[in-house]
Amino acid sequence: MVGEHKILKDGVRIFRPKEFQALFNAIRKNEHKQMMEALLYTGMRFTEARWLQKNPKAFDGNSILISSTKKKARHKERFIRLNDNGKRAVRYFIDMKKRLPTNQTWDENLLRWAKYAKLDSEGICAKSTRKTWEAWLMCQYGKEHQIEVFLSIGHTKETALEYYLMLPFDDQEKIQMKYYTDGWI
């Protein structure tokens, strides 16, 4: 069955909704849950999320204006579109006293939580939430709103289509994704 296989793109795990929920439920500290939600609902690179904590005024209550941290970026800045879940997650995230750990520590946390959740940890890393979010948005909105998706994420149209449009999500998973993605457009 398709839903039972891991999804890996360039060695990075893209979560199915049940996998993400299992991983999220395995997180014991609320501040780590808040970090995980902010990373998912924004689709930001880990370095961008760390930047946002130092620059909370980039969040205007509806979206985030962020300068690219990638040297080869085609667009030097972009607006990150947020749904209501994303707005809530970002508000908590920027108000937190605790800051995101290093990328290496976050990866270690993810692997520990995957073990608690009884998930195969192959490909799980800090990039997983970003790739998952883009995959879910492309699955939910890609046919009609692919430009909005790839501009919000900070990818080119070619990258978005090549990597995220044809992923093997089944109909049940697409329904489960709506819990997370509803209201993004």
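No value in this document is a laboratory result; all are computed from the given coordinates. A quick note: this is a predicted structure, and the numbers were derived from the prediction, not measured. Cβ placement follows ideal geometry from the backbone for every residue including glycine, while neighbour counts extend to all protein chains displayed.
For the chain, what does -39500 (n - 2.57) per DSSP helix run (n ≥ 4), summed and divided by total residues, give at 222 nm, in deg cm²/dmol to the nearest 500? Don't skip to the end; give the middle numbers.
Working: 8 runs with 103 residues, N = 185.
It comes out at -17500 deg cm²/dmol, rounded to the nearest 500.
Take the Cβ-Cβ distance between H5 and R28 as r, set R0 to 30 Å, and report the resulting FRET efficiency rounded to the nearest 0.05.
About 0.60, to the nearest 0.05.
Hey, got the dipole for the stretch 132-185? About the Cα centre, +1 on K and R Cβ, -1 on D and E Cβ, debye to the nearest 20?
It works out to roughly 80 debye.
Output the relative contact order of the chain, whole-number percent, from Cα pairs under 8 angstrom with separation of 6+ residues.
32 percent
According to the square roots a ≥ b ≥ c of the eigenvalues of the Cα gyration tensor, what is the shape class of the stretch 8-181, taking rounded for a/c under 1.5, prolate for a/b larger than b/c otherwise, and oblate for the remainder?
Working: a/c = 1.42, a/b = 1.02, b/c = 1.40.
It is rounded, given that a/c, with a ≥ b ≥ c, falls under 1.5.
Across the chain, where is the longest run that never hits trypsin sites (Lys or Arg not before Pro) in a DSSP loop with at most 15 other C-beta atoms within 10 Å?
119-185
Let's see if you can work this out: charge +1 on each Lys and Arg Cβ, -1 on each Asp and Glu Cβ, no other charges. What is the dipole magnitude of the chain about its Cα centre, in debye to the nearest 20?
Details: 35 positive and 23 negative charges, 171 e Å.
Dipole magnitude for the chain comes out near 820 debye.
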